Amino acid sequence: MNFPPSTTPTPTAVRLGYLALVPFVAGAALPWLVDGPNRAVVAEVLSAYAAVVISFIGAIHWGLGIGRFDPAPRLFVWGIVPSLVAWVAVLATPRYGLPIEAAMLVVCYAVDHREYWRLGVGAWRPFRLRLTVGATAGCVAGAAALWR
């Protein structure tokens, strides 16, 4: 049995998605506003949050696969790749980990851009793009503060 997907983002999903960008905005600003060891601490917090979000993005593929009668194995295989990359990024210093996470957010969107149509949730793509841009910008700005 295939469960029918939501054809468009629900108002709750939109509100929660934008709320999830708040730590990216704060994490992008704080490394520019604090000095010394506190800069590294806030960057580590941003990197950890980005890793959680990246893992969530991968898990969406598991959720979409579980709801299908005969899911393609690629859904489950791809679903763990973002978590593994995010884990490596968190193990690195934020100076290197945040750019890895920014790149992974873009890669995740590129995969989702293709897969969402196949899975019947293509109408979510514009919303996903906005969230990806916000999260990626947060990671890039946070990393840039560490390279200045």
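A quick yes/no check of all residues on (1) modelled with pLDDT of 95 or more; (2) over 17 Å from the mean Cα position of the chain (by Cα):
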{"position": "Thr7", "(1), (2)": "no, yes"}
{"position": "Thr12", "(1), (2)": "yes, yes"}
{"position": "Ala29", "(1), (2)": "yes, yes"}
{"position": "Ser47", "(1), (2)": "yes, no"}
{"position": "Ala50", "(1), (2)": "yes, no"}
{"position": "Gly79", "(1), (2)": "yes, no"}
{"position": "Leu84", "(1), (2)": "yes, no"}
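Please work out which residue is surrounded by the fewest Cβ atoms within 10 Å (Cβ to Cβ), limiting yourself to the stretch 54-74 and to residues that are under 16 Å from Ala110 (Cβ atoms) and out of contact with any Leu (no Cβ under 6 Å at 6 or more places or on another chain).
To start, the set of residues in the stretch 54-74 that are under 16 Å from Ala110 (Cβ atoms) comprises 54, 57-58, 60-61, 74.
Then keep just the ones that are out of contact with any Leu (no Cβ under 6 Å at 6 or more places or on another chain); that gives 54, 57-58, 60, 74.
Values: Ile54: 27, Ile57: 23, Gly58: 22, Ile60: 20, Arg74: 13.
Result: Arg74.
Give me a count of the residues in the stretch 55-92 that are touching a Pro at 6+ places or on another chain (Cβ under 7 Å) and either free of Cβ contacts under 8 Å to residues at least 12 places away in the same chain or among the aliphatic types (A, V, I, L, M) (or both).
First, the residues of the stretch 55-92 that are touching a Pro at 6+ places or on another chain (Cβ under 7 Å): 55, 57-58, 65.
Narrowing the set further to residues that are either free of Cβ contacts under 8 Å to residues at least 12 places away in the same chain or among the aliphatic types (A, V, I, L, M) (or both) leaves 57.
The total comes to 1.
Test of understanding: among Ala102, Ala123, Ala143, Ala135, which residue is more than 15 Å from the chain's Cα centre (by Cα) and buried (at least 20 other Cβ atoms within 10 Å of the Cβ)? Spell out the reasoning first.
Values: Ala102 fails: more than 15 Å from the chain's Cα centre (by Cα); Ala123 fails: buried (at least 20 other Cβ atoms within 10 Å of the Cβ); Ala135 fails: more than 15 Å from the chain's Cα centre (by Cα).
After ruling out the rest, the residue left standing is Ala143.
Among the residues of the stretch 108-129, is there at least one that is basic (Lys, Arg) and under 19 Å from Gly17 (Cβ atoms)?
Initial filter on the stretch 108-129 (basic (Lys, Arg)): 114, 118, 125, 128.
Then keep just the ones that are under 19 Å from Gly17 (Cβ atoms); that gives 125, 128.
The answer is yes, given that some residue of the stretch 108-129 is basic (Lys, Arg) and under 19 Å from Gly17 (Cβ atoms).
Would you tally the residues in the stretch 94-118 being at pLDDT below 95 and hydroxyl-bearing (Ser, Thr, Tyr)?
Number of matching residues: 1.
For the stretch 8-24, enumerate the residues that are surrounded by 15 or more Cβ atoms within 10 Å (Cβ to Cβ) and either assigned to a helix (DSSP H, G or I) or polar (S, T, N, Q) (or both).
Of all residues in the stretch 8-24, those surrounded by 15 or more Cβ atoms within 10 Å (Cβ to Cβ) come to 9, 17, 20-21, 23-24.
Gly17, Pro23, Phe24 - these are the residues of the stretch 8-24 that are surrounded by 15 or more Cβ atoms within 10 Å (Cβ to Cβ) and either assigned to a helix (DSSP H, G or I) or polar (S, T, N, Q) (or both).
Quick check, is Arg74 over 17 Å from the mean Cα position of the chain (by Cα), assigned to a helix (DSSP H, G or I) and either within 22 Å of Leu19 (Cα to Cα) or not small (Gly, Ala, Ser) (or both)?
Values: over 17 Å from the mean Cα position of the chain (by Cα): yes; assigned to a helix (DSSP H, G or I): yes; either within 22 Å of Leu19 (Cα to Cα) or not small (Gly, Ala, Ser) (or both): yes.
Yes: the conditions hold for Arg74.
With respect to Ala50, determine if the residue is closer than 28 Å to Trp147 by Cα, in contact (Cβ under 8 Å) with a residue 24 or more places away in the chain and out of contact with any helix residue (DSSP H, G or I) (no Cβ under 6 Å at 6 or more places or on another chain).
Details: closer than 28 Å to Trp147 by Cα: yes; in contact (Cβ under 8 Å) with a residue 24 or more places away in the chain: yes; out of contact with any helix residue (DSSP H, G or I) (no Cβ under 6 Å at 6 or more places or on another chain): no.
Spelling it out, it is not the case that Ala50 is closer than 28 Å to Trp147 by Cα, in contact (Cβ under 8 Å) with a residue 24 or more places away in the chain and out of contact with any helix residue (DSSP H, G or I) (no Cβ under 6 Å at 6 or more places or on another chain).
Among the residues of the stretch 97-125 satisfying the criterion of being of a type in the set (Val, Ile, Thr) and part of a helix (DSSP H, G or I), which is farthest from Ala50 (Cα to Cα)?
Going through the stretch 97-125, the residues of a type in the set (Val, Ile, Thr) turn out to be 100, 106-107, 111, 121.
Then keep just the ones that are part of a helix (DSSP H, G or I); that gives 100, 106-107, 111.
Working: Ile100: 10, Val106: 12, Val107: 14, Val111: 18 Å.
Restricting to residues being of a type in the set (Val, Ile, Thr) and part of a helix (DSSP H, G or I), the top hit is Val111.
The values are calculated or read from the model by the stated rules, or taken from the named source; none is laboratory data. Treat the numbers as computed from the prediction; the structure is a model and nothing was measured. When we count neighbours, we look across all protein chains shown, and the Cβ atoms used for this are built from the backbone with ideal geometry, even at glycine.
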